[in-house]
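Peer 1: Below are the structure tokens for one structure; questions will follow.
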Amino acid sequence: MKRLAVTAALLLTAATAHVQTLHAQTLHAQTLASRITHYDVSKTALIKAVHDGAGSMNFGPLMTDKTLSTNLLFLHRGVLHAHSGIGQHFHNHCEEMFVIFDGEAEFTINGRTSLLKGTVGAPDRMGSSHAIYNPTDHDVEWMNINVGTCKVYDAFNLGDDRVGASKDKIPQFVTMHLDKALLPAATAGVSRRRALGPSVFYTAWSYLDHVLLQPGATLPQTRYANMSEAYYVISGDGSVTLNGETTAIKKGDAIPVDLNQAKSFKAGGAPLELMIIGVAKDMATKNAFAANPDNENPERLFAVINKGK
């Protein structure tokens, strides 16, 4: 039985590697410009009662489960209409994060609700429930990021729209803030901050970074054999170079970077603001990444109490 289990594991690893290789070959055959998607609310779908939520919203995909060879399932973008939201639901084989870029919304994680102001997000880890509701009289710009244990999405609705839910002044769950004031001083015109580290996530989702490039500044070329990245342009414009091919980018663009692809970014005449979502090839890679404290941005207390041990 042990030998059969080992053989099965080896076959699964080989099959996964083969699928990732085929996927990478397909992506390399496409032009860079054709792989970049752009958010345009007029091209999104109007959907009502999402996960039994109140009202309606517009949204559409910028990335799907076919975009990267890793287990990024989707990157959605849209608006929560006034007095509308997404009802409370569970994810047991994937984790998700709602983000708002402006205004405010009521975020719920595991039945606890707080009013948060954009740009902000709240990760919903596997086995937890979440919801979001826009209590205002205007639209709120929204994004949804989902990473799974595999290429399969799951959800279990609770039939709870969270309208009128009691709220905690201090959120009783993890939050993520993309505030330019939190960015460190620029080095060579580039500021970068890890908003969420690998310990936040149970899946191969490894980080979410916030980057600001001053006009004309360049984010130097990097290439990761075991880490894919999804870039979203929050503001500004510039260009991206991927495996030697360069194309223009602007606010609302989503740029996928798969395993072992070399990329660099350059700001145009205005600052270029980016959100970067890192998803590891597999859990072994994620765990090795998390084991390096430089990748986590942990509380310095840990380093202090372990000094000299």
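Peer 1: Once you keep just the Cα pairs under 8 angstrom separated by 6 or more residues, what percentage relative contact order results for the chain?
Peer 2: Reported as a whole number, the value is 16 percent.
Peer 1: Next question. At a threshold of 8 angstrom on Cα-Cα distance, excluding pairs fewer than six apart, so keeping six or more, what relative contact order does region 37-177 reach in percent?
Peer 2: Dividing the mean separation by the residue count of region 37-177 yields 29 percent.
Peer 1: While we're on this one: Considering the dipole of region 81-237 built from charges on the beta carbon (Lys and Arg +1, Asp and Glu -1) around the Cα centre, which of 105, 92, 165 is farthest to its positive end?
Peer 2: Final value for the positive-end residue is 92.
Peer 1: Spin-label point model (7 Å from Cα, Cβ direction): what's the residue 34 to residue 155 distance in nm?
Peer 2: About 3.1 nm separates the two model spin labels.
Peer 1: Still on this structure: Towards the positive end of the charge dipole of the chain, with charges on Cβ (+1 Lys, Arg; -1 Asp, Glu), say which of 216, 178, 135 has the farthest Cα.
Peer 2: So the residue we want is 216.
Peer 1: Next question, about the same structure. Only Lys, Arg, Asp and Glu count, each charged at its Cβ (+1, +1, -1, -1), so figure out the dipole size of the chain about its Cα centre, rounded to 20 debye.
Peer 2: Rounded to the nearest 20 debye, it is 960 debye.
Peer 1: Can I ask one more? Rounded to the nearest 5, what % of DSSP beta bridges with both residues in the chain are antiparallel?
Peer 2: 100
Peer 1: Non-local amide H neighbours of residue 136 (under 5 Å, H modeled in plane, Pro and chain starts lacking H): which ones?
Peer 2: Amide H neighbours of residue 136: 83.
Peer 1: What do you get for chymotrypsin sites (Phe, Trp or Tyr not before Pro) in region 34-90 restricted to DSSP loop and a cutoff of at most 15 other Cβ within 10 Å of the site's Cβ?
Peer 2: none
Peer 1: Using +1 at the Cβ of each Lys and Arg and -1 at the Cβ of each Asp and Glu in the chain, identify which of 39, 206, 62 lies farthest towards the dipole's positive end.
Peer 2: It is 206, whose Cα lies furthest towards the positive end.
Peer 1: Right, next: Length gain on complete extension for the stretch residue 192 to residue 93, per 0.36 nm per residue less the alpha carbon to alpha carbon distance?
Peer 2: Full extension from residue 192 to residue 93 adds 32.6 nm.
Peer 1: Further question: Tell me the label-point distance for the pair residue 104, residue 181, using the 7 Å Cα-to-Cβ offset, in nm and rounded to one decimal.
Peer 2: Inter-label distance under the simple model: 1.5 nm.
Peer 1: How much length would be gained if the chain were fully extended between residue 282 and residue 49, taking 0.36 nm per residue of separation minus their Cα-Cα distance, in nm to one decimal?
Peer 2: Extending this stretch completely gives an extra 80.4 nm.
Peer 1: What's the magnitude of the charge dipole for region 179-295 around its Cα centre, counting Lys and Arg as +1 and Asp and Glu as -1 at the beta-carbon? Answer in Debye, nearest 20.
Peer 2: Dipole size: approximately 120 debye.
Only the coordinates and a few stated rules stand behind these numbers; no lab work does. These numbers come from a predicted model, not from an experiment. No Cβ is skipped: glycine too gets one built from the backbone with ideal geometry, and neighbour counts run over all protein chains shown.
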